[in-house]
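The structure appears below as structure tokens.
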Amino acid sequence: MKKSLAIVLMCCTFALAMGLVACGGSSGSASGETSSEAAARAEAEAKAAEAQVALDEGIGYWFGTGTNGYDKEKAHAAFQKAVDLGSAEGYYWMGVYTSTGTSPDRFAQEADYYQKAIDAGCAKGCSGLGDLYRTGAGVDKDLAKAQELYQQAIDAGELLGNIGLGNLYKAGEGVEASGAKAAELYEKAVVSEDYTTRNKARTSLGLLYREGAEGLDANPDKAAECYQSAADEGYPDAWIGLGNMYCSNVYGDGSIVEEDYDKAFEYYSKGADGGKYINLGVQYEYGNGCEQSYEKAIELYQKEIDEGKCPAGGMVCLATAYCSNWGVVERDFNVAADWCNKALAAAAPDDDYTIDRANYLLGWMAENS
């Protein structure tokens, strides 16, 4: 699969030449068409409209912003329907869905979906594929290719590419690190009319100002403002970002404002409404902002595995439960090790927390068994 993807840049260049555009674009109709041509065009337009309805429905299920709330599998069905109806952007979302699975070969499948999006004319695919080359998921890590793919998305008018390029500057990956340049690129994407792009840009800005970067000092007020702007639109990652600012026990990360576990619990609860269960589980594990409940923590970790967006993270959290004497589940190093190994197999290459935690637990169990 990796070898077959070696020609991806050539394919991207071809797709650009054939009319790769920002997703959601439409083409005008020709004048002087025959009645049969008009009927065919009308049929195609009706099919495209139906595909867009399915796509919008899927996005609503994916983020929990639709009338029926979060439902990962219903989102998947809607994305597939959009693809079946000819939606180029549907392929991009099938890639996003695939990224949250547990199969070891899912990243190669994800890359294939992004390539299909590119071939169908959706520039979001370039951005998605760029992310895989940046992290080395499903393809050989190649920062130069990632940068080129992000730029191709930008050149096609897809503002999502600015976020990927900004991530490179934030981390100094393949380019000179510059927090200011990263902020500039994120800001360009904030003005997008696309729900996902603008809110992903806002949360990226929030994290940038929360942590600071080369040449850019941390700014808690700006971070909170960026997160809140996305949270106001129901974007789950933004609620998690707000919670992290008030909580010091999430992934060993320190709060950057006055610690307030009640606020953190509130924000994590809203994030859970969009398929982000782990942070809320941690609060129940520690009893922060709520009555301590190992039962509820385990329930949320299992829910992350079954229907959340970071199953590998849920696996390593569940492994912790089997390493501990919580009384809810019997300590069992064999079960814990199994969950750790599953987490390592499912984790994305850049999921440092899950990888480090799983390896730590495996080492700790080896020493204490």
Practice prompt. For region 303-344, state which GluC sites (Glu not before Pro) are in a DSSP loop and have at most 12 other beta carbons lying within 10 Å of their beta carbon.
Written response: 330
Discussion item. Using a 1.4 Å probe on the protein heavy atoms only, what accessible surface does residue 361 show? Give it in Å² to the nearest 10.
Written reply: 10
Practice prompt. Could you provide, to the nearest whole Å², the per residue accessible area of the chain with probe 1.4 Å?
Written response: 45
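On average, how much area does the Cα convex hull of region 30-83 cover when viewed from any direction, in nm²? Provide the component values of the computation, followed by the final result.
Details: hull surface 17.4 nm².
It is 4.4 nm².
Which entries of 141/188; 270/303; 170/222; 74/309; 81/303; 72/309 have Cα-Cα distances beyond 18 Å here?
Working: 141/188 26 Å; 270/303 15 Å; 170/222 16 Å; 74/309 14 Å; 81/303 26 Å; 72/309 8 Å.
Correct reply: 141/188; 81/303.
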Discussion item. Only Cα pairs within less than 10 Å get springs; with that Gaussian network setup on the chain, which residue of 178, 229, 36 has the largest fluctuation?
Written reply: 36
Response to the item:
Rounded to whole angstroms and listed largest first, the alpha-carbon spread of the chain along its three principal axes comes to 77, 42, 42
Worksheet item: For the Cα atoms of the chain, what angle does the longest principal axis make with the long axis of helix 160-171, in degrees from 0 to 90, nearest 10?
Response: 40
Discussion item. What is the angle, in °, between the Cα long axis of helix 220-231 and the longest principal axis of the Cα atoms in the chain? Nearest 10 is fine, range 0 to 90.
Written reply: 60
Worksheet item: Under a plain spin-label model, where a point goes 7 Å from the Cα along Cα-to-Cβ, how far apart in nm are residue 35 and residue 359?
Response: 7.1
Worksheet item: Packing-wise, with mean Cβ within 10 Å as the measure, how do 53-63, 37-47, 94-104 rank, highest first?
Response: 53-63, 94-104, 37-47
Practice prompt. Could you tell me which GluC sites (Glu not before Pro) in region 124-205 are loop residues by DSSP with no more than 14 other beta carbons within 10 angstrom of their beta carbon?
Written response: 176, 193
Practice prompt. May I ask you to list the aspartates and glutamates whose Cα is less than 12 Å away from that of residue 181, ignoring any residue fewer than eight positions away on the same chain?
Written response: 214
Practice prompt. With the full set of protein chains in place, find how many percent of the accessible area of the chain is carbon and sulfur; take the probe as 1.4 Å.
Written response: 47
Worksheet item: Expressed as an acute angle from 0 to 90° and rounded to the nearest 10, what is the orientation of the C-alpha long axis of helix 352-368 relative to the principal long axis of the chain?
Response: 30
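The values are calculated or read from the model by the stated rules, or taken from the named source; none is laboratory data. No experiment lies behind these values; they were computed from the predicted model shown. Ideal geometry is used to build each Cβ from the backbone, glycine not excepted, and the neighbour counts take in all protein chains shown. Just the protein is used for accessible areas: all its heavy atoms, side chains included, with ligands, DNA and RNA removed. Shrake-Rupley method; radii C 1.70, N 1.55, O 1.52, S 1.80 Å.
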